[in-house]
Amino acid sequence: MIQVTDITKIYGTGGATVHAVDHVSFTLGEGQFGLLCGASGSGKSTLLSMCGGLLRPEAGEIVVGGENLTQMKPEALAAYRLKRAGYIFQDFNLMKNLTLEENIALPAMIAGRKSYSGNLRELAERVGITGRLLHFPEEVSGGERQRCAIARALINSPSLLLADEPTGNLDADNAAQIVRLLLEINRAGTTVLMVTHDVGLRDYIRENAPSPLLLNMRDGRIYEKIG
Amino acid sequence: MPIKLLIRRTFTRQPTLYIKLFIMLTLSVMMLMNTLIIRDSERYGARTEVLEKSGGYDYIVEPVSEDELYLFSEVPGWEYLDGKVGIILPSGANPSEVSYKLSQRLKEAGSGAMLTSYRSLKESAEFSTFATLMVGVLIFAAGVALVSIWLMYAAYLDTRRADIGTLYSLGAGMKQVRAWLRRELLVLTAAALVLGILLSAVFMFAVIRLCLTDLAGVTPILYRFSPLSMLLVIGMTLGISMAVISLHTRRLAGMSPSELLADTHIPRSSKELRDGRSLEGFFTSASLFRDKKHNRICLFATMPLMVLGIVVSAHFGMYTPEDSARRLGDVQLYVTDSEVALHRSEAEALLNALDPDGRYILTPVDGDTSDDPLIRRMHITFADKSVCDSLLTSEQVQVYKVKDFRAQNADYVRLYAGFGVFFIVFGLCIYADAFLLLATYIGAFLENRRRDILLLGEIGCEERRIVRLYMTQYAVRGGLAILAALPLGLALTGVMSVGLAMPVLPNLVTILPPVLIVALFAAAYVLASMRTTRQIIAEG
Ligand SMILES: Nc1ncnc2c1ncn2[C@@H]1O[C@H](COP(=O)(O)OP(=O)(O)O)[C@@H](O)[C@H]1O
Ligand SMILES: [Mg+2]
């Protein structure tokens, strides 16, 4: 599904440069649940953004489903983000002026799809925010916001779901619910790559996912692959 | 792309975002439209006046009796009009040759008819210096509009950065985001055009009708709203909006979604930290030394307009006529025959006979210098209005041609007031732009500091103290920007005064506007920082 070969990302210029991701390679198979673990600042978000087509690496290649992200033109990369990869952020990144329903529908509308309301209702039920659809993000809890963001990431039925510490801003109960939801989505066939630095979550997922892959990061490098 | 949805939701949920841009656009439209209306009105008035006087003829010769008509046999395009002759020169004719020959013939034949040329009047109506001045003002207004809309839009995009980043990250393409931004600005521009043109038409109508029309002999201005000018304003405003959009979105296109969503972190030095430093002092100096880009924006929004305000006010102050009521004792006295001049001592003797106390000011007019004791025309201001009246009726003065200047002076005051109102409103548009921009930038900057402000509260800083911290910072920043502008403004005023060889008079027009401008900028700094900080604390 994802084949990452020797990618590097450097922030800053001149003397104050940071090698956020330093010659990283790994492969995540179709239907696998990938876990990207490591301390804060180890480069997890940077690596995930590059897999999601949100950021371009300085060097190396990322191939997803046979297509090379690093060689895509901006418009093709946008289409990749729109249809192939769903992305979930730690701080949700919902549009605060749109209702939850409109936020979920947004990628479908960007894609110019004509009918998505059936799909939307089904997703809302699956993530459990049916009663909250007409509210604005600031009127609902963090857990509900994140569930809305998950539904939004899934509306265009991507084959890959990327989640950057999706439970980082949530309490334990909500975090557990979100993780169960992600596992369910993975079991239904979607490849998932999730970033976390929570050891408890990591172990829970490794026990419950059908085919987990654990990637441990430190200082921009993957020093351990288990799975 | 759900463009309509995004626009509708922004309008209902964050109307201030749009309202600020809308006000900016409307003020820009008004500056352009007002300028064009006053220019069109002046040209229309001048043409109407020439047409009324000349009846459409290039020359009028009068009085002419029917048996003198043979004198015109060689003149092209003439017509007899009951006691006078009107001439419209055909395009091939040489005007100076025709008028010269005709004058010669009339003189030779001993005719008492006089030739009046309206041709040059018509030409000067076509190429008036006032119209040229207004074209300059129009270009200036377009520049101000471009800069202010540009900066306002940059501030707007800054607050929408996260939304744009989200749309990108969800897979919207550059073209789609651009289409959304373009539609948004187009809608706002269209609305601003409607309101701005309407307000300008009403406002200029009022100014011209109340102050400028009926000033025949002083200025020929008749209200005129030209659809062509309106189209020009629409074109200019749309052009400015579209230029602003395309240049800004080009900058956005080079950024990745991650960059747009991230707060960029820049490493800072810590050299400002010293022992025993107060929180206020530390906060202010840290911000002044670190937020250099913000300093530049504040300075840029303050300094040029402060300097402009000082120089323009001084310039207007130079020309301010005195109040008509105070000049009721003014007359001009002409010596009838320009071959004969009055000796200064004779003039003084004449005036002393009228007012033995000598309460008058005598100023020679028309090139008479103080070393030339001969006066052909003089301007006299009396302290006592009744002395002036007795001068006008006294037998001694009847040999001289006396012109009562009083009514005309009142007209000049009205003319001055009319243009004054136009320029004051023009200036108000510019300064309202600046106020709005500055307040928006300060608001946006503090909005980016939201976390710091809330953190101060969390670690136990009182609300009033937090507000004071940020107000102090902006009072110092604003104070420095204003202080930097003062010497430059005064120096340029000095240069102008020397260049024009006119003294800068310390009157109301010179002093009041700069004082008001300083107050306006100071208010923008203090109020915007206070309001935004309070609001952020209230929102928690
Ligand atoms: N936009 C940026 N500019 C400069 N440095 C950055 C930027 N984003 C991240 N970094 C740096 O890159 C490193 C990796 O960051 P990140 O990928 O966010 O780590 P993680 O998600 O594992 O906490 C960190 O040292 C961070 O400070
Ligand atoms: Mg991270």
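The values are calculated or read from the model by the stated rules, or taken from the named source; none is laboratory data. The model shown is predicted, which means the values in this text are computed figures rather than measured ones. Glycine gets a Cβ as well: all are built from the backbone with ideal geometry, and neighbour counts include every protein chain shown.
In table form, for the structure just shown:
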| read-out | value |
| --- | --- |
| Qualifying residue in the range B:37-52 (condition: buried (at least 22 other Cβ atoms within 10 Å of the Cβ) and among the hydroxyl-bearing types (Ser, Thr, Tyr)) | yes |
| Candidate set: the range B:113-145, residues that are among the small types (Gly, Ala, Ser) and assigned to a loop (DSSP other than H, G, I, E, B); chosen: the one nearest to B:Leu308 (Cα to Cα) | B:Ser128 |
| Qualifying residue in the range A:198-213 (condition: surrounded by 15 or more Cβ atoms within 10 Å (Cβ to Cβ), assigned to a strand (DSSP E or B), within 16 Å of ligand 1 (Cβ to nearest atom) and touching a residue at least 40 places away in the same chain (Cβ under 8 Å)) | no |
| Residues located in the range A:17-33, provided they are within 14 Å of another protein chain (Cβ to nearest Cβ) and more than 8 Å from ligand 1 (Cβ to nearest atom) | A:Thr17 |
| The range A:79-112, subset within 20 Å of A:Lys9 (Cβ to Cβ) and in contact with a Gly (Cβ under 7 Å, 6 or more places away or on another chain), residue nearest to the other protein chains (Cβ to nearest Cβ) | A:Arg81 |
| Which numbered condition B:Gly110 fails, given (1) assigned to a loop (DSSP other than H, G, I, E, B); (2) in contact (Cβ under 8 Å) with a residue 12 or more places away in the chain | (2) |
| The listed residue being at pLDDT 80 or above and surrounded by fewer than 19 Cβ atoms within 10 Å (Cβ to Cβ), out of B:Glu280, B:Glu259 | B:Glu259 |
| The range B:128-175 - residue that is of a type in the set (Ser, Thr, Tyr) and touching a residue at least 60 places away in the same chain (Cβ under 8 Å) and, of those, farthest from the other protein chains (Cβ to nearest Cβ) | B:Ser128 |
| Among (1) more than 14 Å from chain B (Cβ to nearest Cβ); (2) away from ligand 1 (no atom under 16 Å from the Cβ) - the single one A:Leu36 does not satisfy | (2) |
| Qualifying residue in the range B:331-349 (condition: at negative phi, of a type in the set (A, V, I, L, M) and at pLDDT 80 or above) | yes |
| Any hit, the range A:61-72, residues being more than 12 Å from chain B (Cβ to nearest Cβ), among the hydrophobic types (A, V, I, L, M, F, W, C) and within 16 Å of ligand 1 (Cβ to nearest atom) | yes |
| Qualifying position, being surrounded by fewer than 17 Cβ atoms within 10 Å (Cβ to Cβ), within 16 Å of ligand 2 (Cβ to nearest atom) and on the phi < 0 side of the Ramachandran plot, among A:Ala59, A:Ala39 | A:Ala39 |
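To keep it simple, each residue is scored yes or no on (1) in a loop (DSSP other than H, G, I, E, B); (2) in contact with an Asp or Glu (Cβ under 9 Å, 6 or more places away or on another chain).
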position	(1), (2)
B:Leu17	no, no
B:Leu32	no, no
B:Arg43	no, yes
B:Tyr57	yes, yes
B:Glu74	yes, no
